[in-house]
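Okay, so here's the structure we're looking at.
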Amino acid sequence: MLSRWILSGLAIFLSLTVLLAGCSSPTTPTPEIRTVEKIVTQVVEKEKVVEKEKQVVVTATPVVTATPVATKRGPKRLIIGQSQEPDTLYGYGGAMLAAAHVRQAIRDGISWGGGDERSYAYQATILEKIPSLEDRDAKMIDVDVKKGDKYVEAGAIKMADKDLGKMKALQVTFKLRKELKWSDGTSIKASDSVFGFKLNADKDTPASKAAVDRTGKYEALDDLTTQWTGLPGFMDATYFTNFWPIYPEHQLGKISAKDMLKNEDSTRKPLSYGPFMIKEWVAGDHITVVKNPYYYRASEGLPKLDEIVFKFIPDTNNLLAQLLAGEVDIGTTDGMTLDQSPFLIQAEQQKIIKPYFVAGTVWEHIDFNIAPVDQRLNPWTDVNVRKAIAYGTDRKMMNEKVLYGKSKIQTSFLPEEHPMFAKDGLTDYPHDSEKAKQLLDAAGWKLPAGAKEGATREKDGQKLSITVMTTSGNKLREQSTQIFQQNMKQIGVDVKLEYLPTNTLFADGPDGPVFGRRFDLAQYAWSTGVEPPGNLYKCNEIPSADNKWSGQNDTGWCNKEYEAAVNSAQGTLVKAEQAKYWSDAQKILTDQLPILPLFARIKVAATRPSIAGFIVDPTENSEMWNIENFDLK
């Protein structure tokens, strides 16, 4: 399949231009081969990886002689191709990446209420600045906790059963920029953020209540100032993000939270405070946005474009073809696939398009089931056996063969670019088959006397034969697990591969294989971000009947020192202390190795060479975060 892409970039460009741009008739026969293949899009939902499959058609076409036809457009008009149509543009109504692309155009920062999350850091957009304890727009105050009041202890919300006296609480003050207006010309006020808080808190709003539940008070002090006071005892390491998204109270204030989920003023034609505003939404085809005359950065000459069309193109390869033919200027990360990498690389050499390959926040890993709930072979209680598997795994080959060398081997649950990544002291496992064999020998797993190459190790009459489970229809996982299988054969470990539908593999316990802890090894992905995902491997996250099988730590690994380090990192407001504790947690995890991190998955996007200002960021989900700076050269 892939070899069909490794053709001349110019030849494919001309071929696909014929198919889509109505050029002169080809001088060679029509396409010879049509292959249907599954492409899997990965999202993270409720901290579990969920994958959705779609069918695409890849067509290999002989070289043709054709002349591309330029598309005529008005000045400063750009077309973005994305694979899906948004379900809603209401922030509390859904979390589709396709919707995030459009929302970045009309809201100017959507990752948290006040802005973006870029390069593993928080960035303010509509706020004057990010508050800090150092600047004293965040501070500790004394709160009198009486019987019946809520407070936080060891991360849990509790109700005081008696008067507790004075406790410390965080109080943070946020200042909006003065020049902010809605696209109808109405000035934006702090009360619009309080309105956003009330919508979040409403029982009919399908959004997390974690921040709301740990809030003592959220109020507008004046037209530009909001103040958040946390529950006593809540030492929120991300206190500076507790500014709620703004919604136009003057327009939506009389609509109930339940009706907000379907009202057109919130879902399909919301008011804007971003660089663009909604012009039209043609269902099943496109959304058009035009320059917002009230954009607060208009004096800077922003946005640079007059109009942007978000075009819905479900077929991934059709999107690529339209990009080549000049019908589309940008192909988004949800619409481009890693399978297209060989062609994209050659197309860049031909200066036809500009591809982007960026390691994102989703990272693949193999989990050891250290504490299975059923009776099965369990060599993983011996940490040296886990380390032998790690040394025996050629992750460098996985990167080169599966990810075209565009990713990096991941050592911890954080990438090395993350500010909380441990700079030293981590246990690394470079590919070393001989060391893997030595560790297995020392653990008692030995090859039978006189065994030939490829034989399976044994101990106490049991063969070291295991199964790796992962999702079906996912080429990346199929290829990486096949490499793993061959790696293990070289060190005497027999590996069987089992590919299961997503909803089967990730079904809740007690029956689900992964979260019911009924597996040997499992490969899937987690997502990190600005905040480290250390909670994933805490003891109370082990799925069991006690937590109604809702935990995420499918390994069953419980280490109190690790848990204490994570709790300390999350319980301090001092960055240097956070870095130390996160470093300690990573050192413990990589030494004890309940999981084997593999590699970060790659975000793939592409643009026409004439597009300027396009930047794919590792932690900002939508590459439209910088849309006001997009330009046509």
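The values are calculated or read from the model by the stated rules, or taken from the named source; none is laboratory data. Remember, it's a predicted structure, so these values are computed and weren't measured experimentally. Here Cβ is always computed from backbone atoms with ideal geometry, including for glycine, and neighbour counts include all displayed protein chains.
Just a yes or no: is a residue in segment 346-369 closer than 30 Å to Phe515 by Cβ and of a type in the set (Asp, Glu)? Yes, segment 346-369 contains at least one residue that is closer than 30 Å to Phe515 by Cβ and of a type in the set (Asp, Glu). Arg107 meets all of the listed conditions (1) among the charged types (D, E, K, R); (2) out of contact with any helix residue (DSSP H, G or I) (no Cβ under 9 Å at 6 or more places or on another chain); (3) modelled with pLDDT of 95 or more; (4) within 25 Å of Ala325 (Cα to Cα) but one, namely (4). Among the conditions (1) free of Cβ contacts under 8 Å to residues at least 60 places away in the same chain; (2) over 21 Å from Thr381 (Cα atoms), Gly444 misses just one, which is (2). Quickly run through segment 197-208 and pick out the residues that are in a loop (DSSP other than H, G, I, E, B) and in contact with a helix residue (DSSP H, G or I) (Cβ under 7 Å, 6 or more places away or on another chain). Within segment 197-208, Asp202, Asp204, Thr205, Ala207 qualify.
Cβ-Cβ contacts under 8 Å between residues 6 or more apart (or on different chains), taken from a first residue in segment 427-440 that is in contact (Cβ under 8 Å) with a residue 24 or more places away in the chain to a second residue that is among the aromatic types (Phe, Trp, Tyr) and surrounded by 16 or more Cβ atoms within 10 Å (Cβ to Cβ), are listed as Tyr429/Tyr391; Pro430/Tyr391; His431/Tyr391; Asp432/Tyr391; Ser433/Tyr391; Lys435/Tyr391; Ala436/Tyr391; Leu439/Tyr391. Of all residues in segment 441-472, those being buried (at least 16 other Cβ atoms within 10 Å of the Cβ) and in a loop (DSSP other than H, G, I, E, B) number 7.
Rundown of residues vs (1) touching an Asp or Glu at 6+ places or on another chain (Cβ under 7 Å); (2) part of a loop (DSSP other than H, G, I, E, B); (3) of a type in the set (A, V, I, L, M), yes/no style:
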position: Asp87; (1), (2), (3): no, yes, no
position: Gly94; (1), (2), (3): yes, yes, no
position: Tyr122; (1), (2), (3): no, no, no
position: Pro131; (1), (2), (3): yes, yes, no
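Within segment 614-631, is even one residue modelled with pLDDT under 95, polar (S, T, N, Q) and under 30 Å from Gly326 (Cβ atoms)? Yes, segment 614-631 has at least one match.
Among the residues making up segment 187-204, a single one is surrounded by fewer than 21 Cβ atoms within 10 Å (Cβ to Cβ) and among the β-branched types (Val, Ile, Thr): Val194.
Only one of Val493, Val566 is touching a Leu at 6+ places or on another chain (Cβ under 6 Å), crowded, with 17+ Cβ neighbours inside 10 Å and more than 20 Å from Val373 (Cβ to Cβ); which? If you could, list the steps in order and put the result at the bottom.
On the way: Val566 fails: touching a Leu at 6+ places or on another chain (Cβ under 6 Å).
Just a single option satisfies the conditions, and that option is Val493.
Among the helices (runs of 4 or more DSSP H) lying completely within segment 311-417, list those that include at least 3 residues that are assigned by TED's automatic domain parsing to the domain that holds Thr288, surrounded by 20 or more Cβ atoms within 10 Å (Cβ to Cβ) and among the aliphatic types (A, V, I, L, M).
Details: elements: 316-324, 341-349, 383-392, 395-402.
Helices (runs of 4 or more DSSP H) meeting the threshold: 316-324.
Residue-wise test of (1) surrounded by fewer than 16 Cβ atoms within 10 Å (Cβ to Cβ); (2) in contact with a helix residue (DSSP H, G or I) (Cβ under 9 Å, 6 or more places away or on another chain).
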residue: Thr226; (1), (2): no, yes
residue: Thr229; (1), (2): no, no
residue: Gly233; (1), (2): no, no
residue: Asn242; (1), (2): no, yes
residue: Ile246; (1), (2): no, yes
residue: Gly253; (1), (2): yes, yes
residue: Ser256; (1), (2): yes, no
residue: Met260; (1), (2): no, yes
residue: Glu264; (1), (2): yes, no
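Just checking, does segment 280-300 include any residue being on the phi > 0 side of the Ramachandran plot and in contact (Cβ under 8 Å) with a residue 40 or more places away in the chain? Yes: one or more hits. The numbered conditions (1) more than 29 Å from Asp374 (Cα to Cα); (2) in the same structural domain as Tyr391 (by TED's automatic domain parsing); (3) among the small types (Gly, Ala, Ser) are all true for Gly551 except (1).
Of all residues in segment 594-610 being charged (D, E, K, R) and assigned to a strand (DSSP E or B), which is surrounded by the most Cβ atoms within 10 Å (Cβ to Cβ)?
Step one: list which residues in segment 594-610 are charged (D, E, K, R), which gives 601, 603, 608.
So of that shortlist, the ones also assigned to a strand (DSSP E or B) come out as 601, 603.
Working: Arg601: 19, Lys603: 23.
Result: Lys603.
Got a sec? Which of Asn487, Asn503 is under 30 Å from Lys603 (Cβ atoms), in the same structural domain as Arg376 (by TED's automatic domain parsing) and buried (at least 22 other Cβ atoms within 10 Å of the Cβ)?
Values: Asn503 fails: buried (at least 22 other Cβ atoms within 10 Å of the Cβ).
Criteria check complete, one pass: Asn487.
Scanning segment 226-277 for residues that are polar (S, T, N, Q), closer than 21 Å to Ala211 by Cβ and more than 27 Å from the chain's Cα centre (by Cα) turns up Thr226, Gln227, Thr229.
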